[in-house]
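The structure appears right after this line, and notes come after that.
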Amino acid sequence: MGDSSVAGALVPSVPKQEPAPSGDASTVAPTAAAAAEEAGARASAGDGEATADRDLLCPICMAVIKDAFLTACGHSFCYMCIVTHLSHKSDCPCCGNYLTKAQLYPNFLLDKVLKKMSARQIAKTASPVNQFRYALQQGNDMAIKELDSLMTLIAEKKRHMEQQESETNMQILLVFLHCLRKQKLEELNEIQTDLQYIKEDISAVERHRLELYRTKERYSMKLRMLLDDPAASKMWPSPMDKPSSHFPPNSRGPLSTSNPGGLQNKKLDLKGQISHQGFQRRDVLTCSDPPSAPIQSGNVIARKRRVQAQFNELQEYYLQRRRTGVQSRRLEERDIVTINKEGYHAGLEDFQSVLTTFTRYSRLRVIAELRHGDLFHSANIVSSIEFDRDDELFATAGVSKRIKVFEFSTVVNEPSDVHCPVVEMATRSKLSCLSWNKYSKNVIASSDYEGIVNVWDVQTGQSVMEYEEHEKRAWSVDFSRTEPSMLVSGSDDCKVKVWCTKQEASAINIDMKANICSVKYNPGSSHYVAVGSADHHIHYFDLRNPSAPVYVFGGHKKAVSYVKFLSTNELASASTDSTLRLWDVKENCPVCVIEIFLALQ
């Protein structure tokens, strides 16, 4: 049995030794003492030696021995490791000799050496707090005076650290308050500036309103002078002196002698009007409505309601225009009565034109209805309408798989049960968008549900170019205004492609992360393209460097379904979140937001 060996753990091999008789502790003691002395000598030689480190490891768990126990064959193990091993096998893991639990002995000397090594290791790497805690745990003797001095030092250190912590907290709070104060001061200055703008504009509007009432009063005074002094009627020509075309045939003029009381009645009516205007004038000076003001009409009430519904958006637009002081973008039609607008700020005048237009129109008036029955398709949904460069022809397209071209003047001026197109072109798939070439009346482009982009000759009704690079439905296509041979398309395959009618393949390809809903060229340049995406943003690209957008306009909460340039700098976008937004692509900033359903109520 002494020569036999049993397979055990993979450990460094050592020469085999004969097993000692069970229960013979006298033969083990010299061996245990020698092993402990050897381990202590190696530990004291230096912690950095690799041999010493390996000798202090348990051959089973390969960690520093914990609760060292010595076997009869002279090997040391962790108590739990060797006990667990012997519960399955009866041999030494190192030499393979026969071994039982009765042949295990505590190795006190090795434990003492390991504890000293652990203490030195903690002294080298642990923090002072851990060292102090370890010293207390080891039960080191310490005098009461030393403890009192140590506790006083610790208390002083604690107060010092608390003071530093408080100072740091106060400093952080002070920085926050200074930043908040600076921000609020900036907001206050901005509000004070806005209030000054509003005060100036109120004064200007009230001044012009007063001038308007004075003009009306002077006109009324002239009419009264004409009626009170018949001789003055020769000096002041009046429309009443001429044959009036406002009266029906066979009726007499207002100054006819057949009605002697008519002149007196007119005088009384004019006096009543002048008296009412006198109340209005006095009311203007007190900045309140006339006490005898007539009840406001339904149109005025509706316009005021539209202002209240969009008050926040209008306020933002007014302040932006007033702060920037931009000149009026467009010329609006003026009233018949010319008013001297001295003191009017350019931003206020621009906002007044926008406010007037916004509140004046609440609905669209139908001037004509296109009736184009389709015998082959009952679902005749029109998805795109596009006018030619001269606004003489317009084309429609949709699910009927046909492009139909109509004459605008015929549809408007000649009502009919069914309007026949002048040109009709059949396609293989449902159509999503049309774009008429801005230079040629005979060239029109289309995009369809199969991702195909076609270029058509309207005169012949035939397709001259067909691009099939899109992998999914193409939603939008647009010709460049400045470069008639270039067009751009966007698709559900998350790609924007730029085409040239002189080439069969795409010239530029832009990969994006979301579906493309709409694409539009900037009317002033063939280099810039606006892309409405399903990621709720408008991406503005420079095609000379299409790797990244120049600007990304964010604000919509849902997919941007349509984009359109109103000018070279103004871009309008529509979204499924029921809002219209206006952007300045030059300044990279939003201009205004309009809630669609509220604005059209």
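The values are calculated or read from the model by the stated rules, or taken from the named source; none is laboratory data. Keep in mind it's a predicted model, so treat the numbers as computed, not measured. Here the Cβ positions follow ideal geometry from the backbone for every residue, glycine too, while neighbour counts run over all protein chains shown. The area values use the complete protein model at the heavy-atom level, side chains included, leaving out ligands, DNA and RNA. Shrake-Rupley method; radii C 1.70, N 1.55, O 1.52, S 1.80 Å.
General observations
- Solvent-accessible area per residue, Å², over segment 68-125 with all protein chains present [probe radius 1.4 Å]: 48
- Per the Debye calculation on segment 392-434 with a single equal scatterer at every Cα and no solvent contribution, log₁₀ I(q)/I(0) for q = 0.18, 0.33 Å⁻¹ amounts to -0.53, -1.13.
- Solvent exposure, largest accessible area first (probe 1.4 Å, DNA, RNA and ligands not counted), of R363, R428: R363, R428
- Neighbour-limited loop hits for GluC sites (Glu not before Pro), segment 566-597 (at most 13 other Cβ within 10 Å; DSSP other than H, G, I, E, B): E587
- Fraction of accessible area attributable to carbon and sulfur, segment 492-601 (%, probe 1.4 Å): 52
- Once you reduce segment 54-90 and segment 117-196 to the center of their Cα atoms, the two points are 46 Å from each other.
- Within segment 377-529: Cβ-based charge dipole about Cα centre, in debye rounded to nearest 20 (Lys, Arg +1; Asp, Glu -1): 320
- For segment 382-595, the calculated P(r) over all alpha carbon pairs, in 10 Å bins from 0 to the bin holding the longest distance, is 9, 35, 36, 18, 3, 0 percent.
- Sulfur and carbon atoms: percent of accessible area, segment 83-169 [1.4 Å]: 58
- Other-chain or far-sequence residues with amide H under 5 Å of A368's (modelled H): none
- Trypsin sites (Lys or Arg not before Pro) lying in DSSP loop within segment 492-543, provided at most 15 other Cβ fall within 10 Å: K502, K513
- Flagged links, alpha-carbon separation over 31 Å, of K430/K564; K112/K157; K513/K564: K112/K157
- Each of Q121, F69, L109 was placed along the dipole of segment 68-125 (beta-carbon charges, centred on the mean Cα), and the one lying farthest toward the positive end is Q121.
- Full extension of the chain segment joining L173 with S118 gains 15.3 nm, where the gain is 0.36 nm per residue of separation less the Cα-Cα distance.
- Per residue, segment 392-518 exposes 44 Å² of accessible surface when a 1.4 Å probe is rolled over the protein heavy atoms with every protein chain present.
- Rolling a 1.4 Å probe across the protein heavy atoms gives segment 135-178 an accessible surface of 95 Å² per residue.
- Integer Hz, Karplus 6.51/-1.76/1.60 couplings in order for segment 538-543, x for Gly and Pro: 10, 9, 10, 9, 9, 5
- Dipole of segment 382-595, positive direction: furthest Cα of L582, C500, V552, with charges on the beta-carbon: V552
- Cα gyration tensor of segment 68-125 - equivalent ellipsoid semi-axes, whole Å, descending: 27, 11, 9
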